[in-house]
Amino acid sequence: GAVGAVAGAADGGAGEAALRALAKLEQVLPARLRRRVAAVAQATVPVDGPDAGPRVDPGVLAVLAAACRDGERVRFAYRDREGRVTRRLVEPSALVAASRRWYLVAFDPQARDTGHPDATGSTGSAGGGGSGAWRTFRLDRVEEVFPTGVRVARREVPGGDPAAWVRGSRAGGRPVVRAVLRVHAPVEVLADRLRVGRDEVEALDEGSCLLRTAPDSLEWTAMRLAHLEVEFTVLEPPELADRLREAGARLL
């Protein structure tokens, strides 16, 4: 069950629960059974259509989840958006599921924070040149992960919130387009159905709340809202309302 839940795109709490299960399995399964688990993931083909996002090797997730938990350095090969491959030695801190993808937040002790884009296209922050820097890595681009056996003191992500760090990394210094909606449902209903963070929702009264979020894409946000099954009003941006109208017209 854990393999199936995390082999595809990340989507909310179910994937995170499966990830924790995989981390435990990675620790206790003998090598023979780990190979069987990997074989299941490699041989499985979805029958209901394509994945909602890029697939991630469950073995990679399991090793990195254990490294985050244990404070263990890992090595891996990383393929950037241009297809170039570099070798990395990092201290994993957290795994974040966001917008149909998995991300690793890690401290790279060998990096120099020169202001160049990091692994996802934004600038990391962690002190001066040579002192290391925080980086965000897309897990569908991570290959050949090897635990080093070296454990180090756990570091805290700048700001203390890995999810917020990933959101900032994905923005990449570009102007952030925020979607603001009035949702005619209690905060608890919205948080459960839309899988948004509590910091993105503000209660207005017993039956409605305000949602402020920075969508990965307006098209994907429109699709999610279409499945929300509660009434809502788009306050901004106007482009999101346009996407919803276009999607409704196509369906009709």
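The values are calculated or read from the model by the stated rules, or taken from the named source; none is laboratory data. Since this is a predicted model, take the numbers as computed values, not measurements. So basically every Cβ, Gly included, is an ideal-geometry build from the backbone, and we count neighbours across all protein chains shown. In case anyone asks, the SASA skips ligands and DNA or RNA and just uses the protein heavy atoms, side chains included. Shrake-Rupley method; radii C 1.70, N 1.55, O 1.52, S 1.80 Å.
Taking every C-alpha pair closer than 8 Å and separated by at least 6 residues, the mean separation divided by the residue count of segment 179-249 gives a relative contact order of 41 percent.
Only protein atoms count toward the accessible area here, which uses a 1.4 Å probe; on segment 179-249, the carbon and sulfur part of that area reaches 48 percent. A cut-off under 11 angstrom between Cβ atoms defines the neighbours of Glu200, and their net charge, with Lys, Arg +1 and Asp, Glu -1, is +3. Applying the Karplus relation 6.51 cos²θ - 1.76 cosθ + 1.60 with θ = phi - 60° to segment 102-107 yields 3J(HN,Hα) values of 9, 10, 9, 9, 8, 9 Hz, where x marks Gly and Pro. Sorting 162-168, 152-158 by their mean Cβ neighbour count within 10 Å, with the most densely packed peptide first, gives 162-168, 152-158. A 1.4 Å probe run over segment 179-249, with the rest of the protein chains in place, finds 57 Å² accessible per residue. Here the calculated FRET efficiency for Asp192 and Asp70, from their Cβ-Cβ distance with R0 = 41 Å, stands at 0.85, rounded to the nearest 0.05.
Packing order of peptides 187-198, 239-250, highest average first: 187-198, 239-250 (average count of other Cβ atoms within 10 Å over each peptide's residues).
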